[in-house]
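Novice: Next up is a structure, given as structure tokens.
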Amino acid sequence: MGEAGKGDLRLVALTKSFESFTAVHPLDLTIPQGSFFALLGPSGCGKTTTLRMIAGLEEPTGGRILIGDSDITATKAYQRNVNTVFQSYALFPHMTVFENVAFGLRRRGDKAFRAKAQEVLELVQLGQVATKKPTQLSGGMQQRVALARALVNRPDVLLLDEPLGALDLKLRRQMQIELKRIQQEVGLTFIHVTHDQEEAMTMADSIAVMNAGSIEQLGDPATLYEQPRSTFVANFLGQSNLLKATVGPGSADGVVTVRSHDTDLEVVREHLPRGASEVWLGVRPEKLRLGESGGPNHLRGVVRDVSFTGVATQYIVEMPWGQELTVVQQNDGSARAGLGENVTVSWAAEHGFALDASQAADAGAELVDHG
Ligand code: ATP
């Protein structure tokens with residue numbers, strides 16, 4: 001136990017059941033001090049319950065919560081050095097922005113309240129509106145006041161519960177960049193709960209993908225995206241084309257041949273689960289190319305839909321066995337295909353990943369919120 005960093009947050013077999021329903025199965029997780037961590041998953045997967053247990057707002061039915069070596073499982077919420085920023089800002093409407101932020105410090109008799117509040121207001125770029133009332137500010141600015149009010153306490157852990165959910169898309173994107181900058185500047189541990197995969201990937205150093213009360217996969221955004229270990233992660237974190245395939249013999253150069261719909265395809269051996277014979281061979285839409293690439297992996301099909309999305313064009317290509325593959329091509333001046341055209345779809349062996357075929361190919365796909 002002594003190996004944990006001084007301020008790491010550790011969840012040890014943390015569990016929550018509501019009567020006969022288990023919302024969070026025994027969860028083991030270490031969140032390094034100073035990291036930006038995301039708990040990502042569809043509605044009902046247990047992420048808010050986990051967050052509420054860390055905050056002390058929900059009592060675990062089992063397990064422990066530690067910050068460094070100090071066990072806070074039985075500590076009251078207000079005695080934990082943990083603050084939460086909610087989607088609803090819960091600001092005091094009759095107080096100015098400055099008074100809202102300084103409130104907690106003044107109540108505790110902190111003589112440096114003025115300097116501390118001003119400093120954190122500068123950090124969230126609200127120094128100019130310190131004397132305004134919250135209602136005079138936009139939603140995005142109010143959310144920053146709520147953030148400043150939490151940060152001014154310099155909590156060991158800052159919890160963010162879908163904090164950007166009430167903002168429109170453009171503002172949300174701006175705030176994601178802003179939140180990441182602020183986290184890097186203050187160096188505190190941020191734990192962010194969201195069902196928005198893009199939001200998690202934009203901001204977090206590490207993401208725990210939750211499904212039905214358990215962590216499905218934990219990793220940095222690129223690894224989760226490039227090497228999902230389940231169809232749920234492959235579908236929930238971005239889009240995947242999954243081809244049913246049978247594993248054949250390997251070759252010396254670290255590549256394995258799999259047979260899919262009467263076609264031999266190659267996949268890098270380390271992207272194949274050990275011992276699997278039937279797999280889903282996954283390829284991300286942007287890894288597929290229209291046209292021959294000179295490599296071993298190509299399939300022929302017919303273009304059934306073309307959607308121009310600005311930076312890229314999305315094609316739906318129907319395979320002879322009826323499956324539709326999604327191909328996303330950057331609009332970089334390369335040739336485009338038209339509706340009804342016969343095309344070749346190709347990809348590099350290292351861009352494929354294989355998942356055990358005993359899992360449902362569409363796990364998690366219906367849960368993605370494209371809003
Ligand atoms: P959302 O984003 O919708 O809040 P979530 O992933 O945060 O989803 P939780 O709020 O943690 O999920 O809920 C997990 C499960 O626990 C859900 O099925 C929910 O219905 C159940 N649950 C949560 N609180 C209670 C409660 N007080 N009593 C009974 N069941 C509960």
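Novice: Which order do D205, D69 take when ranked by solvent-accessible area (1.4 Å probe, heavy atoms of all protein chains), largest first? Let's see the in-between values first.
Specialist: Details: D205 75, D69 115 Å².
Sorted by accessible area, descending: D69, D205.
Novice: Looking at I177, A146, L218, which one has the Cα that reaches farthest to the positive end of the dipole of region 119-218 (charges on Cβ: Lys, Arg +1; Asp, Glu -1)?
Specialist: A146
Novice: Rg and Dmax of the chain, using alpha carbons, in Å: what are they?
Specialist: Radius of gyration, then largest Cα-Cα span, for the chain: 24.2, 76 Å.
Novice: Which order do the peptides 15-23, 116-124, 309-317 take when ranked by the mean count of other beta-carbon atoms within 10 Å per residue, highest first?
Specialist: 116-124, 309-317, 15-23
Novice: Under 8 Å for C-alpha pairs, at least 6 residues apart: give me the relative contact order for the chain, rounded to a whole percent.
Specialist: Numbers: 766 pairs, mean separation 57.2, N = 371.
It rounds to 15 percent for the chain.
Novice: As I understand it, the value is the acute angle between the Cα axis of helix 139-151 and the longest principal axis of the Cα atoms of the chain; what does it come to in degrees, rounded to 10?
Specialist: Once rounded, the angle reads 70 degrees.
Novice: Give the carbon-plus-sulfur fraction of the accessible surface of the chain in %, rounded to a whole number; probe 1.4 Å, heavy atoms of protein chains only. Walk me through the numbers before you get to the answer.
Specialist: Working: 8650 of 17530 Å².
Roughly 49 percent, rounded to a whole number.
Novice: Turning to a different aspect of this structure: Under a point spin-label approximation (7 Å from Cα along Cα-to-Cβ), what is the E286-R64 distance to one decimal in nm?
Specialist: Result: 4.3 nm between the two label points.
Novice: I would also like to ask the following. Label-point separation (nm) for N331 and E99, each offset 7 Å from Cα along Cα-to-Cβ?
Specialist: Label at N331, label at E99, 5.1 nm between them.
Novice: Okay, next question. Per residue, what accessible area does region 71-178 have, given a 1.4 Å probe and all protein chains present, in Å²? Provide the component values of the computation, followed by the final result.
Specialist: Values: 5610 Å² over 108 residues.
Dividing the accessible area of region 71-178 by its residue count gives 52 Å².
Novice: Turning to a different aspect of this structure: Please list, ordered by chain and number, the residues whose modelled amide H lies under 5 Å from the amide H of T61; skip anything fewer than 5 residues away on the same chain.
Specialist: T15, K16, S17
Novice: Something else now. How large is ³J(HN,Hα) for each residue in region 340-354, as worked out from phi by the Karplus curve 6.51 cos²θ - 1.76 cosθ + 1.60 (θ = phi - 60°), to whole Hz, x for Gly and Pro?
Specialist: Residue by residue, region 340-354 yields x, 6, 7, 9, 9, 10, 9, 7, 7, 4, 6, 8, x, 9, 10 Hz.
Novice: Can you give the extra length, in nm with one decimal, that the chain gains between R181 and Q118 once fully stretched, where that is 0.36 nm per residue apart less the Cα-Cα distance?
Specialist: 20.9 nm
Novice: Quick one: 3J(HN,Hα) in Hz for region 319-330, Karplus 6.51/-1.76/1.60 with θ = phi - 60°, rounded, Gly and Pro as x.
Specialist: Ordered by residue, 3J(HN,Hα) equals 7, x, 8, x, 5, 9, 9, 9, 10, 10, 10, 4 Hz.
Novice: Excluding same-chain residues fewer than 8 positions from K16, which aspartates and glutamates have a Cα within less than 20 Å of its Cα?
Specialist: Straight-distance partners of K16: D28, E58, E59, D71, D161, E216.
Novice: Hey, another quick one. Taking the Cα centre of the chain as origin and charging only Cβ (+1 Lys, Arg; -1 Asp, Glu), how large is the dipole, in debye to the nearest 20?
Specialist: Working: 35 positive and 43 negative charges, 364 e Å.
Once rounded to the nearest 20, the dipole reads 1740 debye.
Novice: OK, next. Hey, if we sort F103, F98, F232 by accessible area with the 1.4 Å probe, largest down, what's the order? The partial results should precede the final answer.
Specialist: Details: F103 70, F98 30, F232 10 Å².
Order by accessible area, largest first: F103, F98, F232.
Novice: Nearest 10 degrees is fine. How inclined is helix 113-123 to the longest principal axis of the chain, computing both from alpha carbons?
Specialist: Between the helix axis and the principal axis of the chain, the angle is about 20 degrees.
Novice: Sticking with this one: With charges set only on the Cβ (+1 for Lys and Arg, -1 for Asp and Glu), what does the dipole of region 239-362 come to about its Cα centre, in debye to the nearest 20? Spell out each step's value before the answer.
Specialist: Working: 10 positive and 16 negative charges, 9 e Å.
It comes to approximately 40 debye.
Novice: Less than 14 Å from a label point 7 Å out along the Cα-to-Cβ axis of N342: which backbone N atoms in region 293-317 qualify, by residue?
Specialist: 299-303
Novice: Another question about this same structure. Relative to the longest principal axis of the chain, what angle (0 to 90°, nearest 10) does the C-alpha long axis of helix 97-107 take?
Specialist: 60
Novice: Further question on the same structure: Pick from D196, D220, D168: which is most flexible by mean-square fluctuation in a GNM of the chain where alpha carbon atoms under 10 Å apart are linked?
Specialist: D168
The values are calculated or read from the model by the stated rules, or taken from the named source; none is laboratory data. Computed from a predicted structure; not experimentally measured. All Cβ positions, even for glycine, are placed from backbone atoms using ideal geometry, and neighbour counts span all protein chains on display. In case anyone asks, the SASA skips ligands and DNA or RNA and just uses the protein heavy atoms, side chains included. Shrake-Rupley method; radii C 1.70, N 1.55, O 1.52, S 1.80 Å.
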